[in-house]
Amino acid sequence: MKDNIFHIVAFFTVAIWGTTFVWTKLLIINGLSPAQIFTLRFIIAYVMLTGFSLLRPLFLRKKLKTSAPEKWRKIQHKWLSDNWRDELVMAALGVTGGSLYFLSENEALRFTTATNVSLIVCSCPLFAAIVIGMFYKSERFRLWQIVGSLLAFAGMAIVVLNGRFVLHLSPIGDGLAFTACMSWVFYSLLMKLVMDRYSALFITRKVFFYGVLTILPYYLIVPELPSPEVLFRPGVIANLLFLGCVASMLCYLTWSWCMAKLGAVKCTNWVYFNPITTIFVAWLVLDEQITLFFLVGSLFILSGMYLSVKKT
C-alpha cells in the first residue's frame, strides 16, 4: 500500500512532463529557441529552490533547534557536497539530466522526425533496466516485470507511431535522440550513488545549477538571447513559470523522491506514460486528433505497468 503512493506520484510527475512538449511548442511559436526555454526554466527552478532552501531554516528555527537538533542540522542550507567526488556526481547529474539531455533531444528534431525522437527517447526504461541491472542486483526485474515492461514498451510504440509504421532513418538525428535516451539512463544510474546520502532538495538544486552552468558554452557557439518584447508577453511568462516552477522544480523533486523509494528501474518505467499525456494535452490545447491507435496503445501501457509494478 505504501509503495502505491510513490507509484501515483511518479505517474503524475511523468504526466506533467508529458504536457511540457505542448507548452514548449507554444513558446517556440512565440519566438523562443529550445535552448533558451531550457535555460530559463532551469534558472527559474534554481532560484526558487535556493530561496526555499535558505528560508526554510528561518521558519523552523524555533520549532526544531532545541526540540530536534539533529533534524535542525539536516535542514541547514549548504552550497557544496560532503566531498569533491560527490560534487562531481552532482555535476554529472546536471549534465545527464539537464543540458545534454535537453540539447540532444531538441537538436535531434532538426535532423529527424518527432516520431523517431519520441520513440527512441521514451524507450529509456528498457535501457535503464539493462544498464542499472548490470550494476545493482536489487534493481533486476523478475519474469512478470520483464513481460510488463515489454508490453508497456509495445504500447508506447503504438501510441507514438499512430499507425504510421514507416520510420525515416537519420543517423545524425536518431543518434542525438539515442544520446538523450542514454543520458536519462545514466542520470538514473548516477542518482543511485547519492540519493541515500543527500536530500531530494539538495540533489535537485544541484541538478539545476550544473544544468545551467553546462549549457552556457552553447551560447558561445550560438549567441542568441530572447528579446524583452517576447519575454514579457503574458502567455510566455505563464508558460515559463509553469515549466520552471512545476515541470522543473516540483517534478524533479518528486522524481528524486520516488527514485529513492521505488528504485531507479521501477520509477523510470513510468516514462512509458509520457506520450499518452503529450497526445491528450495536445488534443485539448492544439486540437490534435486522438486515434484508435492511441487508445489501444494506452491499454497496452496500462496493462504492462500493472504487471511491472505488482508484487510477485
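The values are calculated or read from the model by the stated rules, or taken from the named source; none is laboratory data. Quick caveat: nothing in here was measured; it's all calculated off a predicted structure. Here Cβ is always computed from backbone atoms with ideal geometry, including for glycine, and neighbour counts include all displayed protein chains. Side chains are part of the model used for accessible areas, which takes the heavy atoms of the whole protein and leaves out ligands, DNA and RNA. Shrake-Rupley method; radii C 1.70, N 1.55, O 1.52, S 1.80 Å.
Pop out the ³J(HN,Hα) list for the stretch 224-235 in order, Karplus 6.51 cos²θ - 1.76 cosθ + 1.60 with θ = phi - 60°, rounded to Hz; leave Gly and Pro as x.
Once rounded to whole Hz, the list reads 10, 10, x, 6, x, 4, 6, 4, 9, 6, x, x.
Averaged per residue, what accessible area in Å² does the stretch 198-248 show with a 1.4 Å probe, protein chains only?
Values: 2450 Å² over 51 residues.
Counting only protein heavy atoms, the per-residue value for the stretch 198-248 is 48 Å².
Report the full-extension gain for the segment I290 to M134: residue separation times 0.36 nm, less the Cα-Cα distance, to one decimal in nm.
Values: separation 156, 0.36 × 156 = 56.16 nm, distance 3.85 nm.
Result for the pair: 52.3 nm of gain on full extension.
Counting only helical runs of four or more DSSP H residues, what would the 222 nm mean residue ellipticity of the chain come to if each run contributes -39,500 (n - 2.57) and the total is spread over all its residues? Before the final figure, lay out each step's value.
Working: 17 runs with 227 residues, N = 312.
Calculated mean residue ellipticity at 222 nm is -23000 deg cm²/dmol.
How far, in nm, would the chain grow between I5 and A238 when pulled straight, counting 0.36 nm per residue and subtracting the alpha carbon separation? Before the final figure, lay out each step's value.
Details: separation 233, 0.36 × 233 = 83.88 nm, distance 2.95 nm.
80.9 nm is the gain from fully extending I5 to A238.
How much net charge surrounds A260 when only the other residues with a Cβ under 10 Å from the Cβ of A260 are counted, with Lys and Arg +1 and Asp and Glu -1?
Values: positive: K192, K261; negative: D196.
Charge balance near A260 sits at +1.
Applying 1/(1 + (r/R0)^6) with R0 = 30 Å to the Cβ-Cβ distance of L54 and W283, what FRET efficiency is obtained, to the nearest 0.05?
Values: r = 41 Å, r/R0 = 1.37.
In this case the efficiency is close to 0.15.
Could you calculate the FRET efficiency of V246 with I221 from 1/(1 + (r/R0)^6), where r is the beta carbon distance between them and R0 is 30 Å, rounded to 0.05?
Numbers: r = 30 Å, r/R0 = 1.01.
Once the sixth-power term is evaluated, E becomes 0.50.
When the accessible area of the stretch 138-263 is computed with all protein chains present and a 1.4 Å probe, what percentage of it is carbon and sulfur? Before the final figure, lay out the partial values.
On the way: 4430 of 6020 Å².
Looking at the stretch 138-263 in its full context, I get 74 percent from C and S.
Can you figure out the FRET efficiency of L231 with I172, using R₀ = 30 Å and their beta-carbon distance, to the nearest 0.05? Don't skip to the answer; put the middle values down first.
Details: r = 31 Å, r/R0 = 1.05.
Efficiency, rounded to the nearest 0.05: 0.45.
Starting with the highest mean, order 6-13, 96-103, 264-271, 230-237 by the number of other Cβ atoms within 10 Å, averaged over the residues of each peptide.
Order by mean packing, descending: 264-271, 96-103, 6-13, 230-237.
Any chance you could run the full-extension gain for L213 through W84? It's 0.36 nm times the residue separation minus the Cα-Cα distance, nm to one decimal.
Working: separation 129, 0.36 × 129 = 46.44 nm, distance 1.73 nm.
44.7 nm is the gain from fully extending L213 to W84.
I want the local charge near G97. Using Cβ-Cβ distances under 14 Å, sum +1 for each Lys or Arg and -1 for each Asp or Glu among the other residues.
Once all neighbours under 14 Å are counted, the net charge is +3.
Rounded, prolate or oblate for the chain? Axes are the square roots of the Cα gyration tensor eigenvalues, ordered a ≥ b ≥ c, and the cut-off for rounded is a/c under 1.5. Before the final figure, lay out each step's value.
On the way: a/c = 1.66, a/b = 1.17, b/c = 1.42.
Oblate shape, in that a/c is at least 1.5 and b/c is the bigger or equal ratio.
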